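Below is one structure, written out as structure tokens, with a few remarks after it.
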Amino acid sequence: MKKGFARFARNRGALIGLVILTLVIVIAALGPPLYPQDPWRMVQRPFLPPFTAPGLPLGTDALGRDVLAGLIHGARVSLMVGLVSTVVALLIGVPVGALAGYFGGWVDDALMRFTEFFQTIPSFALAIVLLAIFQPSLFFIILSIAIVSWPPVARLVRGEVLSLRSREYVEAAVLSGQNSRQIITRQVLPNAVSSIIVLASLMVATAILLESSLAFLGLGDPNVMSWGYMIGAARTVLRTAWWLTFIPGVAILLSVLALNLIGEGLNDALNPRLARRGE
Amino acid sequence: MTILQIRNLSIALPKGADRPHAVEDVSLELAAGEILCIVGESGSGKSMSANALMGLLPEGVRPVKGSITYQGRDLLQADEGDLRALRGRDIGMIFQEPLSALNPLMRIGAQIAEVFEAHRLLTPVARQSRALELLHEVGLPDPKKAIRAYPFQLSGGQRQRVMIAMALALEPKVLIADEPTTALDVTTQAQILKLIEDLRRKRNMAVIFITHDFGVVADIADRVIVMQHGRIVEEGPARDVLLHARHPYTQKLIAAIPGPGGEAKDDKQGAPAILRVRGLNKIYKTGGGLFSSPRVVHAVNDMTFDLHTGETIGIVGESGSGKSTAGRCLVRLVAPDSGRVEMAGVDMASLSGADLRANRRRIQMIFQDPYSSLNPRSTIGRILTEGPVSYGTPRAEALARARELLELVGLDASAVTRYPHEFSGGQRQRVGIARALALQPDIIIADEAVSALDVSIQAQVLDLLADLKRQLNLSMLFITHDLRVAAQVCDRIIVMKQGRVVEMGSADTVLTAPEHDYTRALLEAIPGRDYERALKDATGVPACQS
């Protein structure tokens, strides 16, 4: 474990990513209690630029709401959407991929055609349609994002399982009388975990982007402040008050960048053969 | 005349490796037209020395001391451009695995032409005709067709010939052959060895031949260097080293060569048959779409034999002979198409579900590759207890049994908490054997169980198997491509060719008076047969008894 972290830390980008993400997590966790300003309350006159009014370091938006409060409360929503939807996507994708890869034959055919059905529809369009059908609440936003992002997980896991199931230790497990469920959960999946973790870290980033895009289009939950909502609400005043889109935009950029850097670092740390190259 | 000289070469390994130097203080000289064999077990640094010659060391590994002099120039000081000019033109190299050394997407002719192109020699037309000549020279059947072929269309031996043709393209003065025949069948190996020998004579080329097989050394070497842990332990003319080895390590290696006469063979035919195989068939169909007929391979063709209690039968054959498929059919890892596999009156071939599970514990398997046969994410304890636990043994009891088994196979009982990567290849294979024994089977199928191991480790594992067999009264099917190994451990031998059993009989008869031409060809292709006789005369004991 210690060795793994040393390998991870050798990638300087990954370390920077980890620092940024830790900062975002701390803000999301401790921000609202420490900065209890309600992000929906109008506190000052609208369009106050940053660093002009005392107590409002990032100024106010078109309705006179505190931008810093929005940013802090939005961090919580963005992170939660990213993490939860990724977990849900893994819960769908991993079993589908594992079953398809392990059993092959018609099970594989059926599950993969089902997966391809989702893959043929552009994921963003599908998410919009799903949200148009459901109500735009946080629960359904997470569900929609999970539904459009599980197919790559299923395909990755299927590929890994296909190659792992022909290993001799899997054959030995068959001979020693273990059933398919035990073989999949004990012999096969633990060896696919590193690829899944790397993919998952990148999926969190994609999910944050998706949520922002949906909120930008006005399909976000109207009761929660999110970074995407802030950009969407400020787009009409882009020329007169550019900082209102710029500030949450930078927040999204940094979080997504951090997650991508971490994903790359994890890839180096968990795939030792690739990591050796740098030694 | 010395053309290549290595003086006091030391190569440092990166920090955290198991020893500071891959190669330490190695000196050697190579004369024109000489075949120098470097022998050693895995990790002895024999390949590293050769790679240093070509400037092909992996990143992080670098020479720290000494010199490599070729025609008055120190190769260690040469820059990349000089080395590139030297590679291929002056020093050629062939590798162990001919499939991964060839580009799968290029035709053979283009790959050979590329060698000339890299050195800006000849016109494109002349390159093709030269390629054809080369393929002819290395004895490929139908070179005109081969030049248009892709690597996957050739057999392993043919690919190795192509690799040799490429290495010879620019008429190098030195050829480095790194285990060039290890991945090949014995008959193919014999042909490739003969080819290298012929080419050396015709072109007065010096050859550095890296191998772990003393039989090969005996057949081909003029001089021998024996390496252990990165140092040269013995050096001299082939005859002296092989017949009058001075260093204990060399003596140990020579003693470990498997050969006939290891175990006293007894006839177990009188004992009751524990496994009856009748008319076993397995056919593989691959490909076959709308417009092409499928390729049909009869992997196992009408196999019939009895295995008696306490008996060891060797199934011998070259790759593709169906021997592994046969073994996998018996335990139902592969479903046979027809035939009966009777074990104590139950037909294994027709069982399914719970019945199959209940009967399968009586027949267990030891696998070939000690690196892929143990789950890298499970502790040894878990690997050994999973089987018994899934058949209902309480975990604590299974764990106690696992500890006993580990001691039985010569490992420490404390190994239960460790992971497979903490063990060497030979130790892992012992764990594999313990796993097979955990379910207390009557029959063990060993599928090339010692092929991936070094000779000295191989000898230890074979001894262990023989001991266990006696203690536990096991019956064993020993699948191998190596007739020498089969001769040492088996009571009876089945020889397979293209899915058919071509000869079956007691080990002594098959090895000394083979009836079938194919068996005879296999026996003749074993490297170092004359040498074993000479060794017997010189020392009075056969090679295998140590």
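Here are the numbers for this structure:
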{"read-out": "Peptide A:117-127, shielding by other chains (average Cβ, 10 Å cutoff)", "value": "0"}
{"read-out": "Percent RCO, i.e. relative contact order, over segment B:284-434, from Cα pairs under 8 Å lying at least 6 residues apart", "value": "16 percent"}
{"read-out": "Where N is the number of residues in segment B:396-458, Cα Rg divided by 2.2 N^0.38 Å", "value": "1.14"}
{"read-out": "Shielding of A:186-192 by partner chains, average beta-carbon count, 10 Å", "value": "3"}
{"read-out": "By average C-beta atoms within 10 angstrom, highest first, the peptides A:216-222, B:448-454", "value": "B:448-454, A:216-222"}
{"read-out": "Calculated log₁₀ intensity ratio I(q)/I(0) where the Debye formula runs over C-alpha points of segment B:2-255, q = 0.08, 0.15 Å⁻¹", "value": "-0.31, -1.09"}
{"read-out": "Test item: A:162-174 mean partner chain Cβ contacts at 10 Å", "value": "6"}
{"read-out": "Debye log10 I(q)/I(0) at q = 0.15 Å⁻¹ for segment A:121-279, Cα point scatterers", "value": "-0.92"}
{"read-out": "Global geometry of segment B:355-451, whether rounded, prolate or oblate, following the gyration tensor of its Cα atoms and the 1.5 cut on a/c", "value": "oblate"}
{"read-out": "Two-decimal log10 I(q)/I(0) for segment A:2-278, as the Debye equation yields it once each C-alpha is a single scatterer, q = 0.08, 0.15 Å⁻¹", "value": "-0.42, -1.12"}
{"read-out": "Extreme residue, positive dipole direction of the protein assembly as shown, given options B:Leu168, A:Ser137, A:Pro54 (C-beta unit charges)", "value": "A:Pro54"}
{"read-out": "Packing-based ranking, highest mean first, of B:318-330, A:193-205 given that Cβ atoms within 10 Å are counted", "value": "B:318-330, A:193-205"}
{"read-out": "Residue pairs, from the table B:Lys145/B:Lys173; B:Lys46/B:Lys173; B:Lys194/B:Lys285; B:Lys144/B:Lys202, whose Cα atoms sit over 27 Å apart", "value": "B:Lys145/B:Lys173; B:Lys194/B:Lys285"}
{"read-out": "Those trypsin sites (Lys or Arg not before Pro) in segment B:176-263 that DSSP places in a loop and that have at most 14 other beta carbons within 10 Å", "value": "B:Arg246"}
{"read-out": "Neighbour cut-off at most 11 other Cβ (10 Å), DSSP loop, trypsin sites (Lys or Arg not before Pro), segment A:1-110", "value": "A:Arg41"}
{"read-out": "Shape call, segment A:42-157: gyration tensor on alpha carbons, a/c limit 1.5", "value": "prolate"}
{"read-out": "Stokes-Einstein D (µm²/s) once Rh is taken as the Kirkwood radius of segment B:98-241 over alpha-carbon pairs, at 4 °C in 1.567 mPa s", "value": "80 µm²/s"}
{"read-out": "Within segment B:2-255, percent of DSSP bridges classed antiparallel, to nearest 5", "value": "55 percent"}
{"read-out": "Three-way shape call for the protein assembly as shown based on the alpha-carbon gyration tensor, with the a/c threshold at 1.5", "value": "prolate"}
{"read-out": "Segment B:67-109: translational diffusion in µm²/s, Stokes-Einstein, Kirkwood Rh over Cα pairs, 25 °C, 0.890 mPa s", "value": "195 µm²/s"}
{"read-out": "Normalised contact order of chain A, rounded percent, pairs of Cα under 8 Å and 6 or more residues apart", "value": "27 percent"}
{"read-out": "GNM top mover of A:Gly82, A:Gly249, A:Gly55 - chain A, alpha-carbon springs below 10 Å", "value": "A:Gly55"}
{"read-out": "Stokes-Einstein D (µm²/s) once Rh is taken as the Kirkwood radius of chain B over alpha-carbon pairs, at 10 °C in 1.306 mPa s", "value": "62 µm²/s"}
{"read-out": "Sorted peptide list for B:298-305, A:47-54, B:421-428, criterion being average Cβ within 10 angstrom, highest first", "value": "B:298-305, B:421-428, A:47-54"}
{"read-out": "Rounded to 10°, Cα long-axis angle of helix B:529-539 versus longest principal axis of chain B", "value": "80 degrees"}
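Any read-out appearing in this document is the output of simple, stated calculations on the displayed coordinates, not a laboratory observation. Please read all numbers here as calculations on a predicted model, not as lab measurements. Positions of Cβ are generated from backbone atoms using ideal geometry, with glycine treated the same way; all protein chains shown enter the neighbour counts.
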